[in-house]
Amino acid sequence: TEDVMVPVPELQPITFYQQKLQSNFQDKFMCAPEGWADDQQPLVDFYTDLDIFRHQSGRYRPIKTVLTYGIAGIGKTILMHKFVLDWAEHRSNQDVHLLFPFTFRQLNLLTGEKFTLSELVHECIPETVDIREEALNHIFRTLQSSGNSNYDKSRFKLLFVFDGLDESRLLLDLRDEDVRSADVTKSATADVLVRKLINGKLLRSARIWITTRPAAANQEYFRKRFRDEEQANKIISYIKTSRNLHIMCHIPVFCWVAATVLEDVLKTRAAGELPRTLTEMYTEFLVFQIDRTKEKYGSDRCFHYIRSLAKLAFQQLDKGNLIFYETDLRQSGMDFQEASVCSGVFTEIFKVERRKKDKMFSFVHLSVQEFLAAIYVRMSLNSNKNLMTFPQLSLKNLQLILNRTSSKKIHRIFIDKALQSPNGHLDLFLRFFLGLSLQANQNKLKDFLTSSSSETNEHTIHYIKMKISENQSAEKSINLFHCLNELNDGSLVEEIQQYLSSGSLSTDSLSPAQWSALVFILLSSGDLDVFELRKYSASEKALVRLLPVVRASSRALLNDCNLSERSCDALGPVLSSPTSCLRDLDLSNNDLRDSGLKVLSAGLENPVCRLEVLRLPGCMITKEGCSSLVSALTINPHHLRELDLSYNHPGQEGMQLLSAGVQDPRWRLNLLRLEHGGEQRM
C-alpha cells in the first residue's frame, strides 16, 4: 500500500513515526504486570495473538468501536498490553499506523485541565515523544476535515485504547446528544476530548477500544511459570483437588498468587497442610510477603505498614475506589510519604505509578484490597475501633458492632449487606471476612487478629443455609456456597453429590437450598459443554431452577421436557444476556407455540445474542411464529447458521417468509429444515 506522507515539521512517511512508536512501546509492554514484581515474565510467553476488530461472521463489516468487559481481574489490562505488544513487535494489526493506549487512571489526574488532543497524547503517552506536535496536529486535522468515517478508507489509520472505564472519574456522559464536533487543535478539558473521541465527534474514522468491568485452572500459566514439569504438574494436580481454587484460576492474578504460595509451601508441607480455601491462600500469601520483608525492615515496621494498608484498603473499598490519589490518602489518614514507603516495601501488595504531576496508588489486584479490608474489619472488631459506615450500615447495626454485643449478629450484618448489594461488589470481601474467623487463619495472622468462638461459626453456617433456602438469585446463592466453603462446611454440596453418585436424585423433593447446591455443583464442574435437562427433571420447574447452568453451557438439550410458552419467558433473557455462553439450543417436541417463539425471537434479535444452532421440531409453530423468527434474524442475522423447524405448521406463507429471508446476503443461515421440504441447504 502507498506510504502516506506527513509534511510537517519535515516531510516523513507515516511509517517513520509508526516505527518510532513501535520501538518505544516494545520495552514498556514486554512483560505481564503479574504483581509488579522484579521477576516479571515476557508477555509473549503467556498469551496468544489477538484480532478484536474482525467480525465474527467472517464477512467484512466496518467496525469502529470495540468494548471489552469482564469481571475485575479477568485479564482485560493484560489483553490490552498483549495487543499493543503484538503491534509493536510487528506480529499483527500492522494496518494501524499509530496506536495510542490511555488508561483512565492517567486521565483521572487531568480532571479540569485543558489540552489539545496532541498535548493530551504527549502528556499521557510519553512514548510518543518522537512524534512532534506539528505532525500529530496534521494527522488529526486530516482525519477531522475528511467526510470519511470508515477506518479502512482512512488516510491515516489510528487506534485509541481506553483501559479501565470503570475506574474513570471524568465527567463522561456518553449519551450526551451534543452533536457538535470539537476543533481537534483547540484546547478542551480531558473529559470533553475523551467523550468526543469515543462518540465519534472528534475523529470519525479512528478506531476506539474500551475495556471495563460489568458487575478451569490455567494450566498454561503454571507450565510456563515453572519450567520444571514435575513441579508444574504437582501444582496443577493440587489446584484441581479444590473446587474453590480451581474456579478462581480463571483470573490471571490469582494464578500468580497461587503459584507464589504453592511454590513456597510445597517444599515443606504435606498435602493435607496446604491451603484449600481462598482465605487460606491469601493468608499464606500475606505471611509470605511479611516474612520476605521483615528481616530487612524489622517486624514492627512491617506490621505497622500492613495495618496502615489494611485501613486504606477498607476505607477506599467503602467508597468504591480501586485507585487512590494524595487526597484519598489524606482522607484515610495515611501520610503520602508513608504510602510511597509501603509501595517500596511491599511491592507485590501495593504499587505506585508515577506521572509527571502526581502519583497514584493501588493494590496489585482488587482481591488483595478486599482481603486486607477484611483484615481491617477483624482488627477493628477486636479492638472496638470505629468502622465508619461500611457499607451504609444503620446506626443500630453500627452500635451492635462497636459494642461487640454478639459476634453472631456481626456476621449476620455483613452477610445481609452483601446480599443487598445490587452488583455483588461485597461478595469476595464477605468470603474473606468469614474465612478469617477460622482459628487456623487467625493463628497465622496472630500479630493482627485474636481468636473468635467456634460456636459463632456454627451459627453463621446455619444462617447462611437459611439464606440459601430463601430463593436468592443464582449469583448470590453461589457466593453463599463459597462462604460455606471458607468456613469448611460442605454438607449441602456433599448431600447432593451423594444423590448424584448413587443415581437416586429425585428433584421432586429437593428443597430450595438443595436446588441451589445442585446449581453450584454443576457450575463448578468445569464440564459445561453440553447440559441435558432430562438427566435431572423433564419439567419447567427444573428449567427455571437450573437456568444459570443453561446460561453457562455452550449446548443445552431441552428437548422432550414438557416445556410450554412460559419456559420461553425464562429462556429469552438467556439469549440476550451478554454473559451467556449458549450457542446451541434444542427445544424439540415442546409445546412452545407461536407465543413462546415470539418471546424467544425477542432474545434472538438482541445484538449480543450469539446463538448458532436452534432446533424447534414439533413445537406447534405456524406462520406467525415464522414471521417472528424472520423479523429477529433480519435485525440480527450474523450468527444463526442452523435452524430446524421440521414437524411444524408454517404453511406456504411461513415457508415463503423463511425462503425470502435466507436470500438476504447478510443472513449466515446455511442449513434450514422444514416440515415438507426436508433439508434445504443454502
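The values are calculated or read from the model by the stated rules, or taken from the named source; none is laboratory data. Since we're looking at a predicted model, the values are computed, not measured. So basically every Cβ, Gly included, is an ideal-geometry build from the backbone, and we count neighbours across all protein chains shown.
Looking only at residues of the range 326-346 that are surrounded by 18 or more Cβ atoms within 10 Å (Cβ to Cβ) and of a type outside the set (A, V, I, L, M, F, W, C), we find that the one that is nearest to TRP256 (Cα to Cα) is SER343.
Listed here are the residues, each with its yes/no results for (1) farther than 15 Å from ILE478 by Cα; (2) assigned to a helix (DSSP H, G or I).
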position: GLU495; (1), (2): yes, yes
position: SER501; (1), (2): yes, yes
position: TRP515; (1), (2): no, yes
position: VAL519; (1), (2): no, yes
position: PHE531; (1), (2): yes, no
position: ARG551; (1), (2): no, yes
position: CYS561; (1), (2): yes, no
position: ARG566; (1), (2): yes, yes
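Picking from residues in the range 191-215 that are small (Gly, Ala, Ser) and modelled with pLDDT under 90, the one that is surrounded by the most Cβ atoms within 10 Å (Cβ to Cβ) is GLY200.
From the list SER554, SER576, the lone residue that is closer than 23 Å to CYS626 by Cβ, surrounded by fewer than 20 Cβ atoms within 10 Å (Cβ to Cβ) and either in contact with a Cys (Cβ under 7 Å, 6 or more places away or on another chain) or of a type in the set (S, T, N, Q) (or both) is SER576. Taking every residue in the range 570-597 that is assigned by the TED database to the domain that holds GLY651 and pairing it with any residue that is hydroxyl-bearing (Ser, Thr, Tyr), at least 6 positions away or on another chain, the pairs with Cβ-Cβ distances below 6 Å are VAL574/SER580; CYS581/SER554; ARG583/SER554; ASP591/SER564; ASP594/THR622; LEU597/SER628.
Every residue, every condition in (1) under 24 Å from the mean Cα position of the chain (by Cα); (2) of a type in the set (A, V, I, L, M), yes or no:
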residue	(1), (2)
MET281	yes, yes
PHE285	yes, no
PHE288	no, no
GLU295	no, no
HIS304	no, no
LEU309	no, yes
LEU317	yes, yes
LEU322	yes, yes
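Anything in the range 83-95 that is in contact with a Phe, Trp or Tyr (Cβ under 6 Å, 6 or more places away or on another chain) and in a loop (DSSP other than H, G, I, E, B)? List them, or say none. The one that is in contact with a Phe, Trp or Tyr (Cβ under 6 Å, 6 or more places away or on another chain) and in a loop (DSSP other than H, G, I, E, B): ASN93.
The residue pairs whose first member lies in the range 645-667 and is over 23 Å from LEU585 (Cα atoms), whose second member is among the polar types (S, T, N, Q) and outside any loop (DSSP other than H, G, I, E, B), and whose beta carbons are closer than 9 Å, counting only pairs six or more residues apart or on different chains, are GLU653/SER627; ASP664/THR634.
Taking the criterion of being among the small types (Gly, Ala, Ser) and touching an Asp or Glu at 6+ places or on another chain (Cβ under 6 Å), the residues of the range 604-658 that qualify are GLY625, ALA632, SER646. Summed over the range 490-518, residues that are under 21 Å from HIS246 (Cβ atoms), surrounded by fewer than 21 Cβ atoms within 10 Å (Cβ to Cβ) and under 31 Å from the mean Cα position of the chain (by Cα) total 5. Checked against the criterion of being modelled with pLDDT under 75, outside any helix (DSSP H, G or I), basic (Lys, Arg) and farther than 22 Å from SER473 by Cβ, the range 370-393 has at least one qualifying residue. LEU107 passes every criterion in (1) modelled with pLDDT under 90; (2) touching a strand residue (DSSP E or B) at 6+ places or on another chain (Cβ under 6 Å) apart from (2).
Mind telling me which of the residues SER145, SER149, SER168, SER92 ends up being surrounded by fewer than 20 Cβ atoms within 10 Å (Cβ to Cβ) and in contact with a Lys or Arg (Cβ under 6 Å, 6 or more places away or on another chain)? Result: SER149 is the single residue among SER145, SER149, SER168, SER92 that is surrounded by fewer than 20 Cβ atoms within 10 Å (Cβ to Cβ) and in contact with a Lys or Arg (Cβ under 6 Å, 6 or more places away or on another chain).
Checking each residue in the range 581-590 for being crowded, with 20+ Cβ neighbours inside 10 Å and assigned to a loop (DSSP other than H, G, I, E, B) picks out LEU582, LEU587, ASN590. When the range 598-610 is filtered for residues that are under 18 Å from TRP667 (Cα atoms) and surrounded by fewer than 21 Cβ atoms within 10 Å (Cβ to Cβ), the ones remaining, listed by number, are ALA602, GLU605, ASN606, PRO607, VAL608, ARG610. Would you mention how many residues in the range 107-120 are buried (at least 21 other Cβ atoms within 10 Å of the Cβ) and outside any loop (DSSP other than H, G, I, E, B)? Adding up the residues that qualify gives 4.
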